[in-house]
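The values are calculated or read from the model by the stated rules, or taken from the named source; none is laboratory data. Predicted model, so just to flag it, every value in this text is computed and none were measured. Note that each Cβ is placed from the backbone with ideal geometry, even for glycine, and that neighbours are counted across all protein chains shown. Keep in mind that these areas ignore ligands, DNA and RNA; they rest on the heavy atoms of the full protein, side chains included. Shrake-Rupley method; radii C 1.70, N 1.55, O 1.52, S 1.80 Å.
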Amino acid sequence: MEVTYADKPWLKHYDQGVPPTVEIPSQTILEMLDESARKYPDHPAINFKGKALTYREYKEQTDAIASALVAGGFKKGDRAVIYMANTPQFVISYFGIMKAGGIVIATNPLYTERELEHQLADCGAETVFVMSRYYPLLKRVQQNGRTQVKRIIVANIKEYFPTTLKILFTLLREKKGGDNVKAGPGDMSFADFLALGRRSPQAKVTVAIEDMAMLQYTGGTTGLAKGAIGLHKNLSANVAMLQKWLEWEEAKEGFVGAIPFFHSYGMITTMILSATMAATLYIIPDPRDQKDLLSTIDKYRPTLFPGVPAMYIAINNNPDVAAGKYDVTSIRACISGSAPLLLETKRRFEELTGGKLVEGFGMTETFVATHCNPINGENREGSIGLPLPDVECRIVDSIEGEKELPVGAVGELLIKGPTVMKGYWNMPTETANSLRDGWLYSGDIARMDEDGYFYIEDRKKDMIIAGGYNVYPREIEEVLMAHPAVMEAAVAGVPDPKRGETVKAWIVKKPGDPTTEAEIVEWSKTQLAKYKYPRLIEFRDELPKTTVGKVLKRDLVKEYKAALAEKESAS
């Protein structure tokens, strides 16, 4: 399909200096990292709790991981999973796997045993890099025999702490947090694996721009997580686009690394982008830890802060920031993603920092950003911004997906560009449905105004965004249906003052079953990640349905909102 808009109106609203197209690098992100190390060997690449790792050390350690993998029989195209929170070991493992010619799968450390098993079995990985606190769960999955996991490397969070903090952590917190677990027989510690790599012949693997780089899993409305196939060129292209969108100086910037790196947003806009700019990455393991986040900003003065609205709201409402205990004025630019950015959040954060906070948009399937409001130009309320250089967009009818709609009309957003995925791993039907004639059918309902600013009108099918995390109702419904008390279940997002949205389930129980709402919630916690399980349960005699039997979830949400409004007005 050809683009039939007369032109690309968004180009007129680009910031000065942002080109309509960028030269897609012939280098992989691995070569970009090594180039940063060659040019700035002594510049701090990573700062973790006050301990710095230089670019020379960064390169050497990623090389060592690659060498250890190859020495152990790891081959080009093999898959390896990273099962960690934000830590130096995550970043080093990521680049090390790719330097060995491997395909990275970064998995959510909040996953339950059931969720982790599905992802490991689907990707067929034999190698897993895991944090010690998650090691016992991984071993249970390995021992059930339904995955191909053979090689496990266990990292302890304290390994990269400064000496004093390491001692205090060992004495006071290590055992309590489950971080004192050691690698068992047949497995290896991260430190020992690194040492093995330093003793081994250097890995000599050729990695090309067209090679597969990663599988990034995204929730599916069918209830199955889908692995989006990312090529090295996808990552290099998005880096090039983002570099042109931002104003920056090589080896002069500092990134706040608080977004989870297992998520494509944090992985690309923070972890990868910082390495390609020879910037310093300030790693925050737990984004909810306001003291760690704010003290890092106050002490080290980072300049760029990719994040989600919940992070900015927390800073806006932090009394210590208001009282001047923390200085956040070093922050110069922030791209907010994952959830709608409210105008008041933007205004307040910009008042506190003196920097710019703009909303952007991207998908796992586009690795990652496709739209962003201008850093210096006009930011339109409710808009995800303008397509980035080399991104083409169309709005088509949401039924057949063939008829292009005029400016201002609401329909499905289609995206084409050099960052769009190759397809879904081992899912040809899903791939054919999502990729047609080079266009990615996003599933998001959107519109474009006359100036080329885009607006998301409705989210991808029934997806819920709870606290910045994507939650897919179908998966939760399938889990609930496995409970012996449940006859029918419907799940949707409802308003929540803290999380933006939270998960609610409407359930029809089997006749005479005594199970309570609280018991369903507690059981759900054992089956689903913390951000997924339903916080609210409502038992009903029946669920409202269409004539063909489809549950009318919007009616359920409407009823909930009406009851909530009535309760608030009565109080």
- request: Check whether at least one residue in the stretch 278-289 is among the small types (G, A, S), touching a Gly at 6+ places or on another chain (Cβ under 9 Å) and closer than 26 Å to R38 by Cβ, and report yes or no.
  value: yes
message: Looking at G417, G443, G423, can you tell me which residue is within 19 Å of V368 (Cα to Cα), small (G, A, S) and in contact with a Pro (Cβ under 9 Å, 6 or more places away or on another chain)?
response: G417
message: Please determine whether any residue of the stretch 486-497 is among the small types (G, A, S) and open to solvent by 60 Å² or more (accessible area, probe 1.4 Å).
response: no
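Here's the yes/no breakdown for (1) under 30 Å from E378 (Cβ atoms); (2) at pLDDT below 90:
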{"position": "G401", "(1), (2)": "no, yes"}
{"position": "G411", "(1), (2)": "yes, yes"}
{"position": "T419", "(1), (2)": "yes, no"}
{"position": "L435", "(1), (2)": "no, no"}
{"position": "L440", "(1), (2)": "yes, no"}
{"position": "G468", "(1), (2)": "yes, yes"}
{"position": "E477", "(1), (2)": "no, yes"}
{"position": "M487", "(1), (2)": "no, yes"}
{"position": "V508", "(1), (2)": "no, no"}
query: Is it fair to say A466 is open to solvent by less than 50 Å² (accessible area, probe 1.4 Å) and touching a strand residue (DSSP E or B) at 6+ places or on another chain (Cβ under 6 Å)?
result: yes
task: Starting from the stretch 376-391, take each residue that is open to solvent by 50 Å² or more (accessible area, probe 1.4 Å) and list its partners that are of a type in the set (A, V, I, L, M) and at pLDDT below 95, counting only C-beta distances under 8 angstrom and pairs at least six apart or across chains.
output: E381/L343
message: Consider the stretch 495-531. How many of its residues are within 22 Å of the chain's Cα centre (by Cα) and aliphatic (A, V, I, L, M)?
response: 3
- request: For the stretch 539-548, indicate whether the set of residues that are hydrophobic (A, V, I, L, M, F, W, C), within 23 Å of L342 (Cβ to Cβ), modelled with pLDDT under 95 and surrounded by 15 or more Cβ atoms within 10 Å (Cβ to Cβ) is non-empty.
  value: no
message: Just to be sure I understand, how many residues within the stretch 304-320 are under 12 Å from L294 (Cβ atoms) and open to solvent by less than 10 Å² (accessible area, probe 1.4 Å)?
response: 2
message: Being in contact with a strand residue (DSSP E or B) (Cβ under 7 Å, 6 or more places away or on another chain), in a helix (DSSP H, G or I) and of a type outside the set (S, T, Y) is the requirement here; does F193 meet it?
response: yes
- prompt: For the subset of the stretch 338-358 comprising residues that are modelled with pLDDT of 95 or more and not in a loop (DSSP other than H, G, I, E, B), which member is most open to solvent (accessible area, probe 1.4 Å)?
  reply: E351
query: in contact with a strand residue (DSSP E or B) (Cβ under 8 Å, 6 or more places away or on another chain), in a strand (DSSP E or B) and hydroxyl-bearing (S, T, Y) - does that describe any residue in the stretch 252-267?
result: no
query: How many residues does the stretch 498-514 contain that are open to solvent by 20 Å² or more (accessible area, probe 1.4 Å) and either among the hydroxyl-bearing types (S, T, Y) or closer than 21 Å to I259 by Cα (or both)?
result: 4
query: For N156, which of the numbered conditions (1) touching a residue at least 40 places away in the same chain (Cβ under 8 Å); (2) polar (S, T, N, Q); (3) under 17 Å from F190 (Cα atoms) fails to hold?
result: (1)
query: Failed condition for W248, given (1) of a type outside the set (V, I, T); (2) over 25 Å from D15 (Cβ atoms); (3) part of a loop (DSSP other than H, G, I, E, B), with all others met?
result: (2)
- prompt: Which residues, taken from the stretch 75-97, are crowded, with 23+ Cβ neighbours inside 10 Å and under 15 Å from K204 (Cβ atoms)?
  reply: G96
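For the stretch 417-435, which positions are free of Cβ contacts under 8 Å to residues at least 40 places away in the same chain and either open to solvent by less than 40 Å² (accessible area, probe 1.4 Å) or touching a strand residue (DSSP E or B) at 6+ places or on another chain (Cβ under 9 Å) (or both)?
T431, A432, N433, L435, listed by residue number.
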- request: With respect to L281, determine if the residue is open to solvent by less than 10 Å² (accessible area, probe 1.4 Å), within 21 Å of T87 (Cα to Cα), assigned to a helix (DSSP H, G or I) and hydrophobic (A, V, I, L, M, F, W, C).
  value: no
message: Filter the stretch 29-54 down to the residues that are assigned to a loop (DSSP other than H, G, I, E, B), open to solvent by less than 60 Å² (accessible area, probe 1.4 Å) and within 27 Å of I375 (Cβ to Cβ) and list them by number.
response: H43
- line: The helices (runs of 4 or more DSSP H) lying entirely within the stretch 69-187 that contain at least 1 residues which are touching a helix residue (DSSP H, G or I) at 6+ places or on another chain (Cβ under 6 Å) and closer than 19 Å to L215 by Cα are 88-99, 113-123
- prompt: Does D320 qualify as being over 23 Å from E23 (Cα atoms) and among the acidic types (D, E)?
  reply: yes
query: (1) touching a residue at least 60 places away in the same chain (Cβ under 8 Å); (2) over 14 Å from A529 (Cα atoms): which one isn't true of N470, the others all being true?
result: (2)
field: Count of the stretch 359-384 residues which are among the hydroxyl-bearing types (S, T, Y) and modelled with pLDDT under 95
entry: 2
query: Conditions: (1) within 27 Å of the chain's Cα centre (by Cα); (2) free of Cβ contacts under 8 Å to residues at least 24 places away in the same chain. E400 meets all but one. Number of the miss?
result: (1)
